[in-house]
1. Beyond 22 Å between alpha-carbons counts as too far, so tell me which of K452/K543; K115/K157; K97/K294; K71/K452; K29/K201 fall in that bin.
2. Consider just the alpha-carbon atoms of the stretch 368-480 and return their Rg together with their Dmax, both in angstrom.
3. For every other residue with a beta carbon closer than 13 angstrom to the beta carbon of E555, add +1 if it is Lys or Arg and -1 if Asp or Glu, then tell me the sum.
4. Note down the net charge around K565, summing +1 for each Lys or Arg and -1 for each Asp or Glu among other residues with Cβ under 13 Å from its Cβ.
5. List the lysines whose Cα lies under 16 Å from the Cα of K394, skipping any in the same chain that are fewer than 8 positions away.
6. Give the aspartates and glutamates reachable from K503 as a straight Cα distance under 14 Å; neighbours fewer than 8 places away on the same chain don't count.
7. Given contacts defined as C-alpha pairs under 8 Å and at least six residues apart, what's the relative contact order of the chain, whole-number percent?
8. What shape does the stretch 1-128 take by its C-alpha gyration tensor, where a ≥ b ≥ c are the square roots of the eigenvalues and a/c under 1.5 counts as rounded, a/b above b/c as prolate, and the rest as oblate?
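The values are calculated or read from the model by the stated rules, or taken from the named source; none is laboratory data. This is a predicted model, so every value here is computed, not measured. All Cβ positions, glycine included, derive from the backbone under ideal geometry; neighbour counts span all protein chains shown. Surface accessibility is based on the protein's heavy atoms, side chains included, excluding ligands, DNA and RNA. Shrake-Rupley method; radii C 1.70, N 1.55, O 1.52, S 1.80 Å.
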Amino acid sequence: NIVWISCEDISPRLGCYGDTTATTPNLDKLASEGVRFTHAFSCHGVCAPSRTGIITGHYPITLGANHMRSKAKLPSHIRPFPQYLREAGYYCSNDNKTDYNFQWDQNATWDDTEKKAHWKKRTNNDQPFFSVFNLTMTHESKIWPRGWKEVVKGLPKSERHRPEAMIVPPLFPDTTPVHEDLARLADIITVMDLRVGQILKELDDAGLTENTIVIFWSDHGDGLPRCKRWPYDSGTRVPMIVRVPQKYKSLATEAPAGSTDDRLINLIDLGPTVLSLAGVAIPEGLAGRPFLGKSQTPDREFIYGARDRIDERFDMVRSVRSRDFRYVRNLMPWHPALQPIAYAEQNATLREWRRLLAEGNLEPKFTQWFESPHADEELYDLNADPWALVNLAKDPAHAATLKGLSDECDRWQIECRDAHLLPEILLDEGETKAGSRWDILRVSGGLERTKKLLAAAKSTAHSVASNKPIAMPNLDADPAVRWWQLMACGRAVNVADFAELFKAELTSDSPTIRIAAASGLARARDLGDASSVFGQLLSHKSKFVQHAALLEIDEVGSPLVELLKEQIKRVKGDEYCERLADHALNR
(Lines give C-alpha, C1' and ligand atoms only; values in the text may rest on other atoms or scores of the structure.)
Protein backbone atom coordinates (compact mmCIF):
# COMPACT_ATOMS: atom_id res chain seq x y z
CA ASN A 1 0.00 0.00 0.00
CA ILE A 2 1.10 3.56 -0.64
CA VAL A 3 -0.16 6.67 1.13
CA TRP A 4 0.54 10.23 0.10
CA ILE A 5 0.09 12.99 2.64
CA SER A 6 0.31 16.29 0.81
CA CYS A 7 0.04 19.70 2.36
CA GLU A 8 -0.16 23.11 0.76
CA ASP A 9 2.09 26.12 0.59
CA ILE A 10 4.94 25.38 2.98
CA SER A 11 8.69 25.36 2.62
CA PRO A 12 10.72 22.98 4.86
CA ARG A 13 9.37 24.64 8.03
CA LEU A 14 9.49 21.51 10.19
CA GLY A 15 11.47 20.70 13.29
CA CYS A 16 13.21 17.84 11.51
CA TYR A 17 14.52 20.37 8.96
CA GLY A 18 16.04 22.48 11.71
CA ASP A 19 13.28 25.04 12.18
CA THR A 20 13.53 25.89 15.87
CA THR A 21 10.16 27.68 15.90
CA ALA A 22 8.24 24.69 14.49
CA THR A 23 5.89 22.47 16.50
CA THR A 24 5.75 19.35 14.34
CA PRO A 25 6.20 16.26 16.52
CA ASN A 26 4.35 13.86 14.22
CA LEU A 27 6.30 14.77 11.11
CA ASP A 28 9.54 14.82 13.10
CA LYS A 29 8.74 11.29 14.27
CA LEU A 30 7.93 10.22 10.70
CA ALA A 31 11.33 11.57 9.63
CA SER A 32 13.03 9.62 12.42
CA GLU A 33 11.39 6.45 11.08
CA GLY A 34 12.07 7.21 7.42
CA VAL A 35 14.21 9.31 5.13
CA ARG A 36 14.13 13.10 4.95
CA PHE A 37 14.83 14.54 1.49
CA THR A 38 16.79 17.79 1.66
CA HIS A 39 16.62 18.88 -2.00
CA ALA A 40 13.05 18.27 -3.16
CA PHE A 41 11.49 20.91 -5.44
CA SER A 42 8.20 21.59 -7.18
CA CYS A 43 8.17 22.43 -10.89
CA HIS A 44 6.22 25.62 -10.20
CA GLY A 45 5.67 27.82 -7.16
CA VAL A 46 1.87 27.60 -7.28
CA CYS A 47 -0.61 24.79 -6.77
CA ALA A 48 -2.39 23.98 -10.05
CA PRO A 49 0.69 23.86 -12.32
CA SER A 50 2.63 21.97 -9.65
CA ARG A 51 -0.12 19.36 -9.24
CA THR A 52 -0.45 19.14 -13.03
CA GLY A 53 3.20 18.10 -13.23
CA ILE A 54 2.83 15.67 -10.33
CA ILE A 55 -0.22 13.81 -11.64
CA THR A 56 1.10 13.50 -15.23
CA GLY A 57 4.85 13.16 -14.71
CA HIS A 58 5.36 15.87 -17.35
CA TYR A 59 6.44 19.50 -17.12
CA PRO A 60 3.35 21.70 -17.51
CA ILE A 61 5.10 23.83 -20.16
CA THR A 62 5.22 20.69 -22.32
CA LEU A 63 1.46 20.25 -21.95
CA GLY A 64 0.68 23.93 -22.48
CA ALA A 65 -0.83 23.77 -18.99
CA ASN A 66 1.34 26.16 -17.01
CA HIS A 67 -1.17 29.02 -17.07
CA MET A 68 -3.30 29.06 -13.94
CA ARG A 69 -6.64 27.29 -14.45
CA SER A 70 -5.90 26.68 -18.13
CA LYS A 71 -7.82 23.39 -18.64
CA ALA A 72 -5.70 22.22 -21.55
CA LYS A 73 -6.50 19.08 -23.50
CA LEU A 74 -4.09 16.17 -23.09
CA PRO A 75 -2.90 14.10 -26.04
CA SER A 76 -4.28 10.57 -25.96
CA HIS A 77 -0.99 8.98 -24.88
CA ILE A 78 -0.66 11.06 -21.68
CA ARG A 79 -2.81 10.01 -18.74
CA PRO A 80 -2.83 10.75 -15.00
CA PHE A 81 -0.65 8.05 -13.45
CA PRO A 82 -3.29 6.65 -11.01
CA GLN A 83 -5.01 5.19 -14.06
CA TYR A 84 -2.06 2.80 -14.47
CA LEU A 85 -2.28 1.82 -10.81
CA ARG A 86 -6.00 1.07 -11.10
CA GLU A 87 -5.40 -1.07 -14.17
CA ALA A 88 -2.86 -3.01 -12.08
CA GLY A 89 -5.47 -3.67 -9.38
CA TYR A 90 -4.96 -0.79 -6.96
CA TYR A 91 -7.75 1.04 -5.18
CA CYS A 92 -7.01 4.75 -5.68
CA SER A 93 -8.58 7.41 -3.46
CA ASN A 94 -7.96 11.14 -3.28
CA ASP A 95 -9.27 13.36 -0.50
CA ASN A 96 -10.23 15.54 -2.34
CA LYS A 97 -8.13 18.22 -4.04
CA THR A 98 -7.28 17.74 -7.69
CA ASP A 99 -6.66 21.26 -9.10
CA TYR A 100 -5.21 20.07 -12.41
CA ASN A 101 -4.69 22.52 -15.27
CA PHE A 102 -6.08 20.14 -17.88
CA GLN A 103 -9.25 18.30 -18.82
CA TRP A 104 -9.35 14.85 -17.24
CA ASP A 105 -11.61 11.87 -16.70
CA GLN A 106 -12.40 11.69 -12.99
CA ASN A 107 -13.97 8.23 -13.18
CA ALA A 108 -10.97 6.76 -14.99
CA THR A 109 -8.43 8.36 -12.64
CA TRP A 110 -9.76 7.80 -9.11
CA ASP A 111 -12.02 5.23 -7.48
CA ASP A 112 -13.03 8.01 -5.13
CA THR A 113 -12.07 11.66 -5.12
CA GLU A 114 -14.86 13.06 -3.00
CA LYS A 115 -14.36 14.79 0.33
CA LYS A 116 -13.16 12.25 2.93
CA ALA A 117 -12.14 9.73 0.26
CA HIS A 118 -10.19 7.04 2.10
CA TRP A 119 -8.56 3.64 1.73
CA LYS A 120 -11.12 2.40 4.28
CA LYS A 121 -13.86 2.74 1.67
CA ARG A 122 -12.53 -0.02 -0.57
CA THR A 123 -14.83 -3.06 -0.52
CA ASN A 124 -12.05 -5.67 -0.57
CA ASN A 125 -9.68 -5.39 2.39
CA ASP A 126 -7.07 -7.44 0.52
CA GLN A 127 -6.91 -4.96 -2.35
CA PRO A 128 -3.74 -2.82 -2.29
CA PHE A 129 -4.41 0.88 -2.17
CA PHE A 130 -2.91 4.19 -3.19
CA SER A 131 -4.53 6.85 -1.02
CA VAL A 132 -3.90 10.58 -1.11
CA PHE A 133 -4.74 12.89 1.78
CA ASN A 134 -4.56 16.58 0.86
CA LEU A 135 -4.19 18.81 3.89
CA THR A 136 -5.41 22.27 2.95
CA MET A 137 -5.16 24.06 6.31
CA THR A 138 -1.72 25.43 5.41
CA HIS A 139 -2.92 27.20 2.27
CA GLU A 140 -1.80 30.84 1.95
CA SER A 141 -5.34 32.05 2.65
CA LYS A 142 -5.09 30.53 6.13
CA ILE A 143 -2.22 32.91 6.94
CA TRP A 144 -4.68 35.76 6.53
CA PRO A 145 -6.24 36.56 9.93
CA ARG A 146 -9.78 35.44 9.03
CA GLY A 147 -8.57 32.12 7.58
CA TRP A 148 -6.17 31.55 10.47
CA LYS A 149 -8.95 31.93 13.05
CA GLU A 150 -10.92 29.14 11.43
CA VAL A 151 -7.95 26.75 11.34
CA VAL A 152 -6.69 27.32 14.91
CA LYS A 153 -10.03 27.49 16.71
CA GLY A 154 -9.33 24.08 18.28
CA LEU A 155 -5.66 24.79 19.03
CA PRO A 156 -5.12 25.89 22.66
CA LYS A 157 -3.71 29.38 22.97
CA SER A 158 -0.79 27.93 24.92
CA GLU A 159 0.24 26.02 21.77
CA ARG A 160 0.09 29.00 19.47
CA HIS A 161 3.23 30.81 18.41
CA ARG A 162 4.20 34.25 19.68
CA PRO A 163 4.94 36.73 16.86
CA GLU A 164 7.90 38.19 18.74
CA ALA A 165 9.51 34.73 18.86
CA MET A 166 9.46 34.29 15.08
CA ILE A 167 12.75 34.44 13.17
CA VAL A 168 12.39 36.67 10.12
CA PRO A 169 14.48 35.48 7.14
CA PRO A 170 16.43 38.10 5.19
CA LEU A 171 13.83 37.87 2.43
CA PHE A 172 11.41 40.01 4.46
CA PRO A 173 11.52 43.28 6.45
CA ASP A 174 11.74 42.70 10.19
CA THR A 175 8.46 44.39 11.15
CA THR A 176 5.44 43.48 13.26
CA PRO A 177 3.10 42.44 10.38
CA VAL A 178 5.76 40.05 9.08
CA HIS A 179 6.26 38.52 12.54
CA GLU A 180 2.50 38.05 12.79
CA ASP A 181 2.31 36.35 9.39
CA LEU A 182 5.13 33.97 10.35
CA ALA A 183 3.43 33.14 13.66
CA ARG A 184 0.15 32.38 11.93
CA LEU A 185 2.03 30.21 9.41
CA ALA A 186 3.66 28.28 12.25
CA ASP A 187 0.25 27.80 13.89
CA ILE A 188 -1.43 26.33 10.83
CA ILE A 189 1.55 24.02 10.29
CA THR A 190 1.05 22.80 13.88
CA VAL A 191 -2.59 22.01 13.08
CA MET A 192 -1.51 20.24 9.90
CA ASP A 193 0.97 18.16 11.89
CA LEU A 194 -1.83 17.04 14.22
CA ARG A 195 -3.81 15.80 11.21
CA VAL A 196 -0.74 13.90 9.96
CA GLY A 197 -0.65 12.17 13.33
CA GLN A 198 -4.29 11.12 12.92
CA ILE A 199 -3.70 9.68 9.45
CA LEU A 200 -0.70 7.67 10.65
CA LYS A 201 -2.64 6.44 13.69
CA GLU A 202 -5.38 5.11 11.41
CA LEU A 203 -2.76 2.95 9.68
CA ASP A 204 -1.46 1.78 13.06
CA ASP A 205 -4.95 0.95 14.35
CA ALA A 206 -5.72 -1.04 11.19
CA GLY A 207 -2.46 -2.99 11.46
CA LEU A 208 -1.31 -1.62 8.10
CA THR A 209 1.79 0.36 9.06
CA GLU A 210 4.17 -2.47 8.17
CA ASN A 211 2.47 -2.89 4.79
CA THR A 212 2.29 0.76 3.78
CA ILE A 213 4.84 3.15 2.30
CA VAL A 214 4.12 6.74 3.40
CA ILE A 215 5.27 9.80 1.44
CA PHE A 216 4.75 13.32 2.83
CA TRP A 217 5.26 16.41 0.67
CA SER A 218 4.19 20.01 0.13
CA ASP A 219 3.00 21.17 -3.28
CA HIS A 220 5.31 24.25 -3.27
CA GLY A 221 6.89 26.79 -0.95
CA ASP A 222 5.50 29.21 1.62
CA GLY A 223 2.33 31.17 0.88
CA LEU A 224 4.23 34.45 1.20
CA PRO A 225 5.43 37.02 -1.38
CA ARG A 226 8.44 36.07 -3.50
CA CYS A 227 7.85 32.53 -2.27
CA LYS A 228 4.58 31.15 -3.60
CA ARG A 229 4.23 31.72 -7.35
CA TRP A 230 7.99 32.02 -7.87
CA PRO A 231 10.60 29.55 -9.19
CA TYR A 232 13.24 30.45 -6.58
CA ASP A 233 14.09 28.04 -3.76
CA SER A 234 11.78 30.09 -1.54
CA GLY A 235 8.87 29.13 -3.79
CA THR A 236 9.81 25.62 -4.90
CA ARG A 237 11.91 23.92 -2.23
CA VAL A 238 9.63 21.68 -0.20
CA PRO A 239 9.74 19.18 2.64
CA MET A 240 9.51 15.54 1.62
CA ILE A 241 9.67 12.53 3.94
CA VAL A 242 9.42 8.88 2.90
CA ARG A 243 8.86 6.03 5.34
CA VAL A 244 9.35 2.55 3.94
CA PRO A 245 8.50 -0.48 6.14
CA GLN A 246 11.33 -2.89 6.84
CA LYS A 247 9.82 -5.61 4.64
CA TYR A 248 10.09 -3.32 1.58
CA LYS A 249 13.50 -1.81 2.28
CA SER A 250 15.22 -3.82 -0.42
CA LEU A 251 12.59 -2.74 -2.93
CA ALA A 252 12.76 0.96 -2.17
CA THR A 253 15.88 2.07 -0.33
CA GLU A 254 18.47 0.69 2.01
CA ALA A 255 18.81 4.04 3.79
CA PRO A 256 18.58 3.64 7.58
CA ALA A 257 15.74 5.18 9.55
CA GLY A 258 16.33 8.81 10.42
CA SER A 259 18.76 9.43 7.56
CA THR A 260 18.72 12.15 4.92
CA ASP A 261 18.82 11.93 1.14
CA ASP A 262 20.48 14.86 -0.63
CA ARG A 263 19.57 13.94 -4.21
CA LEU A 264 17.90 16.58 -6.38
CA ILE A 265 14.23 15.55 -6.64
CA ASN A 266 11.50 17.22 -8.67
CA LEU A 267 7.92 16.55 -7.54
CA ILE A 268 7.10 15.41 -11.08
CA ASP A 269 9.17 12.37 -10.04
CA LEU A 270 6.52 11.31 -7.49
CA GLY A 271 4.18 9.56 -9.93
CA PRO A 272 6.85 7.45 -11.66
CA THR A 273 8.24 6.62 -8.20
CA VAL A 274 4.86 5.30 -7.05
CA LEU A 275 4.60 3.17 -10.20
CA SER A 276 8.13 1.90 -9.58
CA LEU A 277 7.32 0.96 -5.97
CA ALA A 278 4.12 -0.78 -7.05
CA GLY A 279 5.91 -2.77 -9.73
CA VAL A 280 3.83 -1.15 -12.48
CA ALA A 281 5.42 -0.50 -15.87
CA ILE A 282 6.34 3.17 -16.31
CA PRO A 283 5.02 4.76 -19.51
CA GLU A 284 7.64 5.84 -22.03
CA GLY A 285 8.51 9.47 -22.43
CA LEU A 286 7.81 10.73 -18.91
CA ALA A 287 9.89 13.68 -17.74
CA GLY A 288 9.54 12.46 -14.16
CA ARG A 289 12.13 9.98 -12.91
CA PRO A 290 11.54 7.29 -10.29
CA PHE A 291 13.87 7.82 -7.34
CA LEU A 292 12.81 4.67 -5.44
CA GLY A 293 11.87 1.14 -6.41
CA LYS A 294 13.26 -1.27 -8.96
CA SER A 295 12.92 1.20 -11.84
CA GLN A 296 14.81 4.11 -10.25
CA THR A 297 17.01 6.09 -12.62
CA PRO A 298 20.30 8.01 -12.29
CA ASP A 299 20.28 11.08 -10.10
CA ARG A 300 19.27 14.43 -11.50
CA GLU A 301 21.91 17.03 -12.28
CA PHE A 302 19.43 19.89 -12.60
CA ILE A 303 16.03 20.98 -11.34
CA TYR A 304 13.82 22.89 -13.77
CA GLY A 305 10.99 25.28 -12.99
CA ALA A 306 8.68 27.71 -14.75
CA ARG A 307 6.20 30.50 -14.16
CA ASP A 308 3.62 31.76 -16.66
CA ARG A 309 0.21 33.39 -16.24
CA ILE A 310 -0.68 33.56 -12.56
CA ASP A 311 -4.39 34.29 -12.24
CA GLU A 312 -5.00 37.55 -14.11
CA ARG A 313 -1.35 38.55 -14.63
CA PHE A 314 1.04 37.34 -17.30
CA ASP A 315 4.69 36.59 -16.81
CA MET A 316 7.16 34.13 -18.29
CA VAL A 317 10.04 32.88 -16.18
CA ARG A 318 12.18 29.77 -16.59
CA SER A 319 14.71 28.47 -14.09
CA VAL A 320 17.49 25.90 -13.86
CA ARG A 321 18.97 24.91 -10.51
CA SER A 322 22.17 22.98 -10.09
CA ARG A 323 23.53 21.75 -6.79
CA ASP A 324 25.03 25.16 -5.99
CA PHE A 325 23.48 27.78 -8.29
CA ARG A 326 20.08 28.93 -9.51
CA TYR A 327 19.66 30.52 -12.93
CA VAL A 328 16.49 32.51 -13.66
CA ARG A 329 15.41 33.64 -17.14
CA ASN A 330 12.86 36.46 -17.27
CA LEU A 331 11.31 36.49 -20.73
CA MET A 332 8.87 39.31 -19.90
CA PRO A 333 11.07 41.67 -17.86
CA TRP A 334 8.75 44.60 -18.61
CA HIS A 335 6.48 43.23 -15.89
CA PRO A 336 7.66 44.02 -12.34
CA ALA A 337 8.40 40.85 -10.41
CA LEU A 338 5.62 41.56 -7.91
CA GLN A 339 2.70 42.46 -10.13
CA PRO A 340 -0.63 43.26 -8.45
CA ILE A 341 -2.44 39.90 -8.37
CA ALA A 342 -5.73 40.49 -6.57
CA TYR A 343 -5.72 37.24 -4.59
CA ALA A 344 -2.12 37.56 -3.41
CA GLU A 345 -2.55 41.20 -2.40
CA GLN A 346 -4.51 40.08 0.67
CA ASN A 347 -1.28 38.97 2.34
CA ALA A 348 -0.10 41.21 5.19
CA THR A 349 3.60 40.85 4.38
CA LEU A 350 3.06 41.98 0.80
CA ARG A 351 0.99 44.91 2.02
CA GLU A 352 3.81 45.77 4.39
CA TRP A 353 6.27 45.73 1.49
CA ARG A 354 4.01 48.06 -0.50
CA ARG A 355 3.55 50.40 2.49
CA LEU A 356 7.28 50.70 3.05
CA LEU A 357 7.86 51.19 -0.68
CA ALA A 358 5.32 54.01 -0.83
CA GLU A 359 6.94 55.69 2.17
CA GLY A 360 10.41 55.36 0.68
CA ASN A 361 11.54 53.13 3.55
CA LEU A 362 11.93 49.77 1.74
CA GLU A 363 15.50 48.48 1.58
CA PRO A 364 17.07 48.16 -1.90
CA LYS A 365 17.28 44.38 -1.59
CA PHE A 366 13.46 44.40 -1.56
CA THR A 367 12.73 47.24 -3.99
CA GLN A 368 14.25 45.20 -6.83
CA TRP A 369 11.05 43.12 -6.93
CA PHE A 370 9.02 46.20 -7.87
CA GLU A 371 11.28 47.57 -10.61
CA SER A 372 10.40 47.55 -14.30
CA PRO A 373 12.09 46.66 -16.50
CA HIS A 374 14.20 44.26 -14.51
CA ALA A 375 17.00 41.88 -15.43
CA ASP A 376 16.39 39.29 -18.13
CA GLU A 377 18.83 36.91 -16.43
CA GLU A 378 19.58 36.19 -12.78
CA LEU A 379 22.19 33.98 -11.17
CA TYR A 380 22.50 33.14 -7.48
CA ASP A 381 25.20 31.38 -5.50
CA LEU A 382 22.99 29.41 -3.14
CA ASN A 383 25.78 28.55 -0.74
CA ALA A 384 26.65 32.20 -0.13
CA ASP A 385 23.16 33.58 -0.77
CA PRO A 386 20.49 30.95 0.03
CA TRP A 387 17.62 33.48 -0.21
CA ALA A 388 18.70 34.56 -3.72
CA LEU A 389 18.99 38.27 -3.09
CA VAL A 390 22.23 39.14 -4.92
CA ASN A 391 22.09 38.71 -8.69
CA LEU A 392 25.49 37.63 -10.03
CA ALA A 393 24.50 37.51 -13.71
CA LYS A 394 26.72 40.47 -14.62
CA ASP A 395 29.65 39.37 -12.45
CA PRO A 396 32.54 38.35 -14.77
CA ALA A 397 33.72 35.83 -12.17
CA HIS A 398 30.53 33.82 -12.78
CA ALA A 399 30.33 34.18 -16.56
CA ALA A 400 31.06 30.51 -17.22
CA THR A 401 28.43 29.35 -14.75
CA LEU A 402 25.89 31.75 -16.23
CA LYS A 403 26.52 30.52 -19.77
CA GLY A 404 26.42 26.86 -18.74
CA LEU A 405 23.06 27.20 -17.00
CA SER A 406 21.67 29.46 -19.73
CA ASP A 407 22.60 26.84 -22.34
CA GLU A 408 20.94 24.17 -20.19
CA CYS A 409 17.79 26.29 -19.99
CA ASP A 410 17.81 26.54 -23.80
CA ARG A 411 18.20 22.79 -24.10
CA TRP A 412 15.36 22.12 -21.65
CA GLN A 413 12.90 24.55 -23.23
CA ILE A 414 13.60 23.17 -26.69
CA GLU A 415 13.41 19.55 -25.56
CA CYS A 416 10.10 20.29 -23.82
CA ARG A 417 8.79 22.14 -26.88
CA ASP A 418 7.88 24.94 -24.51
CA ALA A 419 4.31 25.61 -25.62
CA HIS A 420 4.04 28.82 -23.63
CA LEU A 421 6.40 30.55 -26.03
CA LEU A 422 3.14 31.10 -27.90
CA PRO A 423 0.84 33.84 -26.53
CA GLU A 424 -2.22 32.34 -24.83
CA ILE A 425 -4.58 33.38 -27.64
CA LEU A 426 -2.46 31.49 -30.18
CA LEU A 427 -2.06 28.61 -27.74
CA ASP A 428 -5.86 28.31 -27.59
CA GLU A 429 -6.19 28.56 -31.37
CA GLY A 430 -3.40 26.04 -31.89
CA GLU A 431 -5.01 23.56 -29.52
CA THR A 432 -8.23 23.70 -31.55
CA LYS A 433 -6.34 22.89 -34.74
CA ALA A 434 -3.82 20.36 -33.40
CA GLY A 435 -6.06 18.58 -30.87
CA SER A 436 -3.85 19.39 -27.89
CA ARG A 437 -1.33 22.03 -26.88
CA TRP A 438 1.25 19.27 -26.59
CA ASP A 439 1.00 18.67 -30.35
CA ILE A 440 1.34 22.28 -31.54
CA LEU A 441 5.15 22.26 -31.59
CA ARG A 442 5.48 18.55 -32.40
CA VAL A 443 4.16 18.61 -35.94
CA SER A 444 6.58 18.71 -38.85
CA GLY A 445 8.86 21.71 -38.41
CA GLY A 446 7.95 22.01 -34.74
CA LEU A 447 11.53 21.74 -33.52
CA GLU A 448 12.74 24.56 -35.73
CA ARG A 449 9.71 26.66 -34.81
CA THR A 450 10.46 26.15 -31.12
CA LYS A 451 14.04 27.31 -31.63
CA LYS A 452 12.88 30.39 -33.55
CA LEU A 453 10.31 31.26 -30.87
CA LEU A 454 12.86 30.90 -28.09
CA ALA A 455 15.36 33.07 -29.94
CA ALA A 456 12.71 35.75 -30.47
CA ALA A 457 11.63 35.65 -26.84
CA LYS A 458 15.21 35.92 -25.55
CA SER A 459 15.98 38.75 -27.94
CA THR A 460 12.88 40.66 -26.86
CA ALA A 461 13.64 40.14 -23.19
CA HIS A 462 17.22 41.29 -23.58
CA SER A 463 16.31 44.39 -25.58
CA VAL A 464 13.69 45.47 -23.02
CA ALA A 465 15.94 44.73 -20.03
CA SER A 466 18.80 46.66 -21.66
CA ASN A 467 16.53 49.71 -21.93
CA LYS A 468 18.28 50.90 -25.10
CA PRO A 469 16.92 51.97 -28.51
CA ILE A 470 16.32 49.13 -30.96
CA ALA A 471 16.29 48.97 -34.77
CA MET A 472 13.26 48.51 -37.00
CA PRO A 473 12.56 44.74 -37.16
CA ASN A 474 11.90 42.63 -40.21
CA LEU A 475 8.60 41.19 -39.02
CA ASP A 476 8.32 37.40 -39.22
CA ALA A 477 5.38 35.66 -40.92
CA ASP A 478 4.86 33.41 -37.89
CA PRO A 479 2.31 35.33 -35.76
CA ALA A 480 3.88 34.13 -32.50
CA VAL A 481 7.36 35.31 -33.49
CA ARG A 482 5.81 38.50 -34.86
CA TRP A 483 4.11 39.07 -31.49
CA TRP A 484 7.43 38.86 -29.65
CA GLN A 485 8.94 41.36 -32.11
CA LEU A 486 6.07 43.82 -31.64
CA MET A 487 6.29 43.50 -27.87
CA ALA A 488 9.95 44.50 -28.09
CA CYS A 489 9.05 47.56 -30.16
CA GLY A 490 6.18 48.51 -27.88
CA ARG A 491 8.43 48.57 -24.83
CA ALA A 492 11.49 50.12 -26.44
CA VAL A 493 12.72 53.50 -25.26
CA ASN A 494 12.30 54.66 -28.87
CA VAL A 495 8.72 53.35 -29.12
CA ALA A 496 7.59 56.42 -31.09
CA ASP A 497 9.85 55.30 -33.97
CA PHE A 498 7.52 52.37 -34.60
CA ALA A 499 4.19 54.23 -34.77
CA GLU A 500 3.68 53.59 -38.50
CA LEU A 501 4.64 49.94 -38.03
CA PHE A 502 2.01 49.57 -35.31
CA LYS A 503 -0.65 51.28 -37.47
CA ALA A 504 0.04 48.87 -40.31
CA GLU A 505 -0.49 45.90 -37.97
CA LEU A 506 -3.86 47.13 -36.61
CA THR A 507 -5.66 45.42 -39.50
CA SER A 508 -4.02 42.01 -38.98
CA ASP A 509 -6.25 38.94 -39.07
CA SER A 510 -4.75 37.89 -35.73
CA PRO A 511 -6.22 39.43 -32.56
CA THR A 512 -2.87 38.75 -30.89
CA ILE A 513 -1.09 41.00 -33.38
CA ARG A 514 -3.78 43.71 -33.22
CA ILE A 515 -3.46 43.81 -29.41
CA ALA A 516 0.33 44.10 -29.54
CA ALA A 517 0.09 46.82 -32.20
CA ALA A 518 -2.59 48.79 -30.33
CA SER A 519 -0.55 48.54 -27.13
CA GLY A 520 2.55 49.84 -28.89
CA LEU A 521 0.61 52.67 -30.46
CA ALA A 522 -0.87 53.66 -27.08
CA ARG A 523 2.60 53.65 -25.52
CA ALA A 524 3.71 55.92 -28.36
CA ARG A 525 0.87 58.22 -27.15
CA ASP A 526 -1.24 57.78 -30.29
CA LEU A 527 -4.42 56.94 -28.44
CA GLY A 528 -7.10 57.40 -31.08
CA ASP A 529 -6.54 54.35 -33.27
CA ALA A 530 -5.36 52.30 -30.27
CA SER A 531 -8.52 52.93 -28.25
CA SER A 532 -10.69 52.11 -31.26
CA VAL A 533 -9.05 48.69 -31.72
CA PHE A 534 -9.12 47.92 -28.00
CA GLY A 535 -12.78 48.90 -27.85
CA GLN A 536 -13.59 46.32 -30.51
CA LEU A 537 -11.52 43.60 -28.87
CA LEU A 538 -13.15 44.08 -25.46
CA SER A 539 -16.35 42.63 -26.92
CA HIS A 540 -14.59 39.72 -28.67
CA LYS A 541 -16.19 36.31 -28.19
CA SER A 542 -12.93 34.79 -26.89
CA LYS A 543 -12.15 35.33 -23.22
CA PHE A 544 -8.45 34.96 -24.09
CA VAL A 545 -8.70 37.95 -26.45
CA GLN A 546 -10.63 40.00 -23.91
CA HIS A 547 -8.12 39.16 -21.21
CA ALA A 548 -5.06 40.01 -23.32
CA ALA A 549 -6.64 43.32 -24.36
CA LEU A 550 -7.53 44.23 -20.77
CA LEU A 551 -4.04 43.42 -19.58
CA GLU A 552 -2.48 45.85 -22.05
CA ILE A 553 -5.07 48.54 -21.32
CA ASP A 554 -4.47 48.22 -17.58
CA GLU A 555 -0.70 48.36 -17.97
CA VAL A 556 -0.81 51.38 -20.29
CA GLY A 557 -3.13 53.07 -17.78
CA SER A 558 -4.50 56.59 -18.06
CA PRO A 559 -5.55 58.26 -20.31
CA LEU A 560 -6.25 55.09 -22.35
CA VAL A 561 -8.38 53.67 -19.52
CA GLU A 562 -10.39 56.89 -19.40
CA LEU A 563 -11.16 56.63 -23.13
CA LEU A 564 -12.35 53.03 -22.72
CA LYS A 565 -14.05 53.33 -19.35
CA GLU A 566 -17.55 52.43 -20.53
CA GLN A 567 -16.38 49.37 -22.50
CA ILE A 568 -14.29 48.18 -19.53
CA LYS A 569 -17.29 48.48 -17.22
CA ARG A 570 -19.24 46.08 -19.44
CA VAL A 571 -16.67 43.27 -19.14
CA LYS A 572 -18.40 40.38 -17.35
CA GLY A 573 -18.38 36.61 -17.12
CA ASP A 574 -14.73 35.76 -16.51
CA GLU A 575 -13.15 36.19 -13.08
CA TYR A 576 -9.69 37.11 -14.31
CA CYS A 577 -11.04 39.60 -16.86
CA GLU A 578 -13.22 41.16 -14.17
CA ARG A 579 -10.20 41.52 -11.85
CA LEU A 580 -8.22 43.31 -14.55
CA ALA A 581 -11.17 45.56 -15.34
CA ASP A 582 -11.57 46.40 -11.68
CA HIS A 583 -7.87 47.20 -11.30
CA ALA A 584 -7.86 49.37 -14.43
CA LEU A 585 -10.85 51.39 -13.24
CA ASN A 586 -9.94 51.59 -9.55
CA ARG A 587 -6.18 51.51 -9.34
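1. In this structure, K452/K543; K115/K157; K97/K294; K71/K452 exceed 22 Å between Cα atoms.
2. So, for the stretch 368-480, Rg and Dmax equal 16.9, 49 Å respectively.
3. Combined, the nearby Lys, Arg, Asp and Glu give 0.
4. So the environment of K565 carries a net charge of -1.
5. K403
6. Qualifying aspartates and glutamates at Cα under 14 Å: D526, D529.
7. 15
8. oblate
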